[in-house]
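A quick write-up on the structure given underneath.
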Amino acid sequence: MAASSSSSVQAARKVLADRLREMCRDAGLEGKQLAAACGWHPSKVSRIATAKTSPSADDILAWCRACGAEEQAQDLIASLRAVEGMWIDWRRMERTGLKRAQEERLPLFKRTRWFRCYASWLVPGLLQTYGYTEDVLCAVQRRRVAIDDVADAVAVRMDRQRVLYEGQKRFAFMVEESVLYNAIGNVETQTEQLEHLLTIGALPNVSLGVIPAGTGRTRMPVEGFWIFDKAQVNVELVSGYLTLTQPSEVGAYADTFTMLAGLAVHGDKARGLITSAMASLR
């Protein structure tokens, strides 16, 4: 698994390591004995037991066999998969194309009731027009995805936008003013996207804030992130996709969102900034 500085990821890795270490102790084995039984160098046992190295599924199976606890292997492998799912690099997530990556997020969007999103460089996916999404995903596909299934991926993202109109869901979007001027696609695409922001921003269950350029602030723009209810945060980094579930980290992003909301303008002032961006395209 790719290393991540997230305490959520590291905490989950430590829980798995602790379970393996306890199994070794319960079996009455020393680290060197376990290493010999598995055919490993003793340092490998030490790295796994201290969460410095993430084991593979085969490593877990060998460890369980050596401890006479093979019946616990599948449960531990499932825990490993959960840890791996917290941090996924883009190439791994998109190895079978962009469509599947879009589809895998749909259940999360369907079960969430309160969405908060901050965007520092692109219009959030739920607010994108077809043309804007197509241009964004085409750029992604050219840069890092061997399979060209952009049309199918765009269709999935467009279908996902139905959550904006379902049930009693609430949405709060916060974007930097620079996002309004991000030259994605041609003038027609940009104009259509800005008009769409005005339309969606008028929905009663949607709050759309724009952080004006030049606003006095003590913190620079951060990476874009989504907060799903109070349970989960997803962060899109240059290298991959991070999922955070530890309450302290979710709370930190919620606090950051609140701080950013205090810098933003809403209502008529936000619409004025969007309208000004549209006028600049003429």
Charge tally for neighbours of residue 101 with beta carbon under 13 Å away, counting Lys, Arg as +1 and Asp, Glu as -1, is +2
Within the set of other residues whose C-beta is less than 14 Å from the C-beta of residue 16, count the net charge using Lys and Arg as +1 and Asp and Glu as -1.
-> +2
Summing -39500 (n - 2.57) over every DSSP H run of at least 4 residues in the chain and dividing by its residue count gives a helix-only mean residue ellipticity at 222 nm, to the nearest 500 deg cm²/dmol, of -16000 deg cm²/dmol
If you put +1 on each Lys and Arg Cβ and -1 on each Asp and Glu Cβ, how big is the dipole of the chain around its Cα centre, in Debye rounded to 20?
-> 440
All other residues with a Cβ under 14 Å from the Cβ of residue 187 taken together, and with Lys, Arg as +1 and Asp, Glu as -1, what is their net charge?
-> -3
How much length is gained if the chain between residue 82 and residue 155 is pulled fully straight, taking 0.36 nm per residue apart and subtracting their Cα-Cα distance, in nm to one decimal?
-> 23.5 nm
Evaluate the distance, in nm, between pseudo-label points positioned 7 Å from the Cα of residue 89 and of residue 255 along their respective Cα→Cβ axes.
-> 3.2
Residue separation between residue 10 and residue 165 times 0.36 nm, minus their alpha-carbon distance, gives in nm 52.1 nm
Suppose R0 equals 35 Å; then what is the FRET efficiency for residue 199 and residue 58 from their Cβ-Cβ distance, rounded to the nearest 0.05?
-> 0.10
Which helices pass in the chain if a helix is a full DSSP H run, must span at least 30 angstrom along its long axis by Cα, and must have mean Kyte-Doolittle hydropathy not below -1.0?
-> none
Among rounded, prolate and oblate, which fits segment 13-68 when a ≥ b ≥ c are the square roots of the eigenvalues of its C-alpha gyration tensor, a/c under 1.5 means rounded, and a/b larger than b/c means prolate?
-> rounded
Assigning unit charges at the beta carbon (Lys, Arg +1; Asp, Glu -1) and nothing else, what dipole magnitude in debye, to the nearest 20, does segment 7-86 show about its Cα centre?
-> 360
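Laboratory data are not the source of any read-out in this text; all were calculated from the coordinates shown. Remember, predicted model here, so these are calculated numbers, not experimental data. All Cβ positions, glycine included, derive from the backbone under ideal geometry; neighbour counts span all protein chains shown.
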